Amino acid sequence: MAGVHEARTGGSGASNGRRSSRRRPRRVLMFPLPFQGHINPMLQLGDVLHARGLAVTVLHTRLNALDAARRHPEFQFVPVLDGVPAHVAASGNVIDIIEAMNAAMEADGAAALRAVLESVVADEARPPAACIIFDANLLAVPRAAEAVGLRTLVLRTASAACLGCFLAYPMLHQKGYLPPQESKLYMPVKELPPLRVRDLFYSSWSNHKKMRELLARANEAMKNSSGLVINTLDALEKAELNRLCEELHIPVVLAPGPLHKLSSKCTRSSTPDQDYSCIEWLDKQPSESVLYVSFGSLASLDAKDFLEVAWGLANSGHPFLWVVRADSVRGFLDGPDIPNGFEAAVRGRGKVIRWAPQQEVLAHPAVGGFWTHSGWNSTLESISDGVPMICRPQFADQMMNTRYVVNTWGVGLELEGELERGKIEKAVRKLMKDRQGEEMRERAKELKKNVADCLKAGGTSQVAIDKLVDYILSM
Ligand code: UDP
C-alpha cells in the first residue's frame with residue numbers, strides 16, 4: 001500500500017479490522033534528539049497524533065531545552081538529565097554531544113532514564129502509555145523502555161535515502177567507497193543510485209570510529225523496534241522506501257511526510273526569537289522576486305566566506321532575505337560584523353535577520369528561491385511550497401539531499417567549490433532570472449502539487465498516519 005511499506009516478514013502488525021473495538025484513550029511518549037532539525041518533526045508528529053485523539057508526553061533534555069512547552073500546553077513535558085558537559089555542548093560537535101549524552105543516559109543500565117519512564121508510565125491521571133517514539137540516536141531508550149514494558153517506534157527525521165546509506169555503511173567501507181578518496185569523488189555508488197561517492201554521509205572532521213559505532217547501534221535500535229516512521233513521502237522517495245522495506249524486517253515502515261504540512265498547529269519551529277518583521281517586509285515585495293537565504297540551525301561559515309556571501313548577494317541586484325544567526329560565522333559568538341557599505345548597497349531590497357519563521361517565509365508569494373544548506377527539513381519545506389533552490393551543502397546528509405534536488409527532482413542547482421562573490425552573483429541570477437531557473441520553478445510547482453496530493457484524504461501520507469494511529473491503538 002502506498003505510504004505504508006510492509007516489511008517482508010512481519011505482516012502489518014496493525015489492528016486491521018479491530019479499530020473500533022480497541023479504541024480507548026491512549027498516550028504516546030516521544031523523545032527527540034535535542035537539535036532543531038530533529039525536535040521540529042517530532043513535535044509535528046506529536047501534533048498530528050494529538051489531533052487524532054492521542055495524549056502526548058514529550059521527554060526533553062536540558063541541552064537545547066524546548067521552548068515548545070509554552071506553545072504546546074496540550075502536551076506534557078518531562079525533563080531528562082542529559083549529562084552533557086558545558087564545554088562539549090559549546091563545541092558544537094554533534095557526534096561528541098550525542099556521545100556524551102548517550103554515555104550519561106546509559107550509565108548504570110540506563111537507571112536514571114528508566115526511573116523517569118517508570119514515573120511517566122505510572123501516572124494514572126493520564127491515559128495509559130502505548131509506546132515511545134524516539135530518535136534512534138538516543139541509545140539508552142530501548143533498554144529503559146523494555147525495562148518498563150514499553151514498545152518502541154523510531155522516527156527518522158532525515159530522508160529514506162539517508163537511512164539507506166546508514167544501513168549500507170559497513171558495505172561502503174568494505175568496498176572502499178568510504179572514506180572518500182579525492183580521485184573517486186564523482187564515481188557512482190552503484191548499490192545506492194543516484195548517489196556518487198561525494199554524496200555519501202561522511203564528515204571529515206568527526207571521529208570516524210565513533211560515528212560508525214553510533215550508526216551501527218542506532219541501526220540496531222531501529223531494527224529491534226516495533227516500527228519505523230520516516231519524515232518523507234512516496235512522491236519523493238518511493239524507490240528508496242521500497243529498497244528499505246526489502247532490507248528491514250520490522251513490522252511497519254510508514255512515510256507520512258512532510259510532517260510540517262500534516263500538523264495543523266505547529267507551523268513554527270521550537271526556537272524563540274523568530275523575527276516576524278520579515279513577513280511585513282515580504283508583503284511589500286513583488287511576487288517571486290525574493291531569494292531567501294538560510295543555512296539552518298547548525299551550519300556555519302568562516303569570516304572570508306561570509307564576506308563573499310554578503311557581496312555576492314549585494315552585487316546580484318536581487319531582493320533577498322538573509323538569516324544570519326548569532327553563531328553563523330566561526331569565531332564570532334554574538335553575530336558577525338556586517339561589512340562597511342553593505343547596508344547602503346542593499347537598502348530597500350535586502351533584509352538581514354537572526355532567525356526566520358522559515359515555513360511562513362517559504363510559503364510567502366514574494367519568495368521565488370531559497371539558497372539553502374540542504375538540511376532535510378529545509379529541503380522538504382522548500383519542495384512543499386514549490387520553491388526552487390540553490391544548494392550549498394556542508395556536511396552530514398546535506399550532500400545527498402543536494403544530489404536529489406539537482407539530479408532526481410530537478411528543482412535546484414548546486415553552488416560548488418570555493419565561495420566567491422562573482423560565482424554567487426551568477427548562481428542567484430541563474431535561479432531568479434534565467435530560463436533555467438524558470439524551468440526549475442515550474443518543476444518545483446509540479447512537485448508541490450504531488451506533495452499536496454499525498455497530504456489529501458486518501459493520499460499516501462494520510463493513509464500512513466491512519467495506519468500509525470491504528471497501530472498505536474492496537475498496542
Ligand atoms: N529554521 C527556522 N528558521 C531559520 C532557520 C531554520 O525556523 O531561520 C528551521 C527550518 O524551518 C527547519 C530547521 O530549522 O525546520 C532546520 O532543519 P534542517 O534539517 O533544514 O537543518 P539543520 O538545522 O538540522 O542543519
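Among Leu185, Leu301, Leu228, whose Cα projects farthest towards the positive end of the dipole of the chain, with charges put on the beta-carbon of Lys, Arg (+1) and Asp, Glu (-1)? Selected residue: Leu228.
The mean sequence distance of close C-alpha pairs (under 8 Å, at least 6 residues apart), as a share of the length of the chain, puts its relative contact order at 19 percent. Within the range 372-462, the GluC sites (Glu not before Pro) that combine a DSSP coil assignment with at most 13 other C-beta atoms in a 10 angstrom radius are Glu416, Glu418. Taking Cβ atoms as reference points and 13 Å as the exclusive limit, the residues near Pro193 contribute a net charge of 0, counting Lys and Arg as +1 and Asp and Glu as -1.
Once the convex hull of the alpha carbons of the chain is built, what does its volume come to per residue, in cubic angstrom?
140 Å³
Could you grab the relative contact order for the range 65-173? Cα pairs under 8 Å, six or more apart, rounded to a whole percent.
Result for the range 65-173 is 20 percent.
Across the range 435-444, rounded Karplus estimates of 3J(HN,Hα) from the backbone phi angles (6.51 cos²θ - 1.76 cosθ + 1.60, θ = phi - 60°) give 4, 4, x, 4, 5, 4, 5, 5, 5, 4 Hz, Gly and Pro being marked x.
With runs of 4+ DSSP H residues as the only contributors, calculate the mean residue ellipticity of the chain at 222 nm using -39,500 (n - 2.57) per run, divided by the residue total and rounded to the nearest 500.
-13000 deg cm²/dmol
Dipole size of the range 189-316 about its Cα centre, with +1 on Lys/Arg Cβ and -1 on Asp/Glu Cβ: approximately 460 debye, rounded to the nearest 20. For the range 285-296, 3J(HN,Hα) computed residue by residue from phi via the Karplus equation (6.51, -1.76, 1.60; θ = phi - 60°) reads 9, x, 4, 6, 9, 9, 8, 8, 10, 7, 10, x Hz, glycine and proline entered as x.
Distance between the modelled labels on His208 and Arg151, one decimal in nanometres: 4.0 nm (7 Å Cα→Cβ projection).
Close amide H contacts of Trp371 (hydrogens built in the peptide plane, cut-off under 5 Å, sequence separation of 5 or more or a different chain): Tyr292, Val293, Ser294, Ile390. Beta bridges assigned by DSSP with both partners in the chain are antiparallel in approximately 10 percent of cases. Proximity of backbone amide H atoms, modeled 1.01 Å from N, is registered between Met30 and Thr57, Val58, Leu59, Ile133 at under 5 Å, excluding neighbours fewer than 5 places apart on the same chain. For Leu301, neighbours were defined as the other residues whose beta-carbon sits under 12 Å from its Cβ, and their charges (Lys and Arg +1, Asp and Glu -1) total 0. Using the alpha-carbon positions of the range 174-289, Rg (one decimal) and Dmax (whole number) come out as 19.8, 55 Å. Amide H to amide H distances under 5 Å link Phe320 with Leu291, Gly350, Lys351, where only residues 5 or more positions off or on other chains count and H is placed in the peptide plane. Placing +1 on each Lys and Arg Cβ and -1 on each Asp and Glu Cβ, with no other charges, gives the range 247-340 a dipole about its Cα centre of roughly 300 debye.
Volume per residue for the range 338-475 equals 155 cubic angstrom (convex hull of Cα atoms). Ranked by the mean number of other Cβ atoms within 10 Å of their residues, highest first, the peptides 149-162, 276-289, 41-54, 189-202 fall in the order 149-162, 41-54, 189-202, 276-289. The gain in end-to-end length when the Glu420 to Val78 segment is fully stretched comes to 118.5 nm, 0.36 nm per residue minus the alpha carbon separation. Principal-axis analysis of the Cα atoms of the chain puts helix 208-223 at an angle of about 50° to the longest axis.
Tell me the net charge near Gly386. Cut-off is 14 Å between Cβ atoms, Gly386 excluded, with +1 for each Lys or Arg and -1 for each Asp or Glu. Neighbour charge sum, excluding Gly386 itself: -2.
Every number here is computed from the coordinates shown, using simple stated rules; none is lab data. Remember, it's a predicted structure, so these values are computed and weren't measured experimentally. Positions of Cβ are backbone-derived with ideal geometry, glycine not excepted, and every protein chain shown enters the neighbour counts.
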